[in-house]
Amino acid sequence: MSKNLKIFLGVSYLILLFIFLYFIFTSIEIKRLDDFTYYKELQSSLGTFISANILINIFYFFIFAVFWVALLGFGSPILIISGILFGQIIGTLVSVFSISVGALILYSIGNFFFRDIVKVVLERKFEKYVQLFQKNEFFYFFIYRFIGGLGVPFGLQNLIPILFGMKKLNYFLASFLGFIPGFFIINTIGAGLNSYISQAENFSMFDLILTPEIYIPILMFSALMIFSLVLKKKFFDDTN
């Protein structure tokens, strides 16, 4: 049963990825990718489409993001896209909620069908961290999410709590709250890119970097990374 489900999840992920890539590449003109006016046209058309059907498009994006994460998809593209499509605040809310739900679904599936496999693959590597999580699973998993998951690939991050049988409510809340700072910053960058494209007449990397909507969140992200390293050293690196 677990083998069949594993095949199903793998095939579903590939189908979802293919649909996404097909939609992207059939919606763009490859020959115009070096033409900045083309991006302005796309931005204008996309903005009009999203604003005309904002609730429906948020719902579609939410469903897509949930399935994307549940099928081991990367989180970063979702954050940039949500910032571009829905702006700083709405983009943050929809991406935090959808990715938290998707991660919870992945955790639930993994815990039910693949618990033994996950323990064989991950338990030895993360044994010392598991001891911490068992002391206070909500607090340490919140820190774990806040600092970016100790550099572990996002899909695996979502499965590590299987090692200590984390409660689903704690998993969701710790993920949701821990995601907010980083997700807000990346969504802000996505919104800044959208704003730059709509306002600039010609593309300039120098002007892009000096745009407040870009360099301020980049500075915030840098500060968050430094703070995360401090938290990592305090709560995880000193673990014996």
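No lab work stands behind these numbers, since they all come straight from the coordinates. Quick caveat: nothing in here was measured; it's all calculated off a predicted structure. Counting neighbours? That spans all protein chains shown, and the Cβs are built from the backbone with ideal geometry, glycine included.
Note on the range 114-240: Cα Rg divided by 2.2 N^0.38 Å, N the number of residues, gives 1.31. Projecting the Cα atoms of 177, 163, 141 onto the charge dipole of the range 116-237 (Cβ charges, centred on the Cα centre) puts 163 farthest toward the positive pole.
Rg/Rh, computed from the Cα trace of the range 46-173 with Rh as the Kirkwood radius, has the value 1.03.
By the Stokes-Einstein formula, at 1.306 mPa s and 10 °C, the range 55-123 with its Kirkwood radius over alpha-carbon pairs has D equal to 125 µm²/s.
Which whole-number percent of Cα pairs in the range 183-240 have a distance greater than 18 Å? Please report the intermediate quantities before stating the final value.
Working: 775 of 1653 pairs.
Counting pairs separated by more than 18 Å, the tail of P(r) holds 47 percent.
Mean Kyte-Doolittle of at least -1.0 plus a Cα span of 18 Å or more along the axis: flag which DSSP H helices in the chain meet both, please. Passing helices, by number: 2-27, 36-52, 54-70, 88-113, 168-199, 212-232. Build a GNM of the chain with springs between Cα atoms under 10 Å apart, and of 166, 225, 205 the one that fluctuates most is 205. Taking N as the residue count of the range 163-211, its C-alpha radius of gyration divided by 2.2 N^0.38 Å amounts to 1.85.
Only DSSP H runs of four or more residues enter the estimate; each adds -39500 (n - 2.57), and after division by the residues of the chain the mean residue ellipticity at 222 nm equals -25500 deg cm²/dmol. For the chain, report the translational diffusion coefficient in µm²/s to the nearest whole number, using Stokes-Einstein at 20 °C, 1.002 mPa s, and a Kirkwood Rh over Cα pairs. Value of D from the Cα-based Kirkwood radius: 110 µm²/s.
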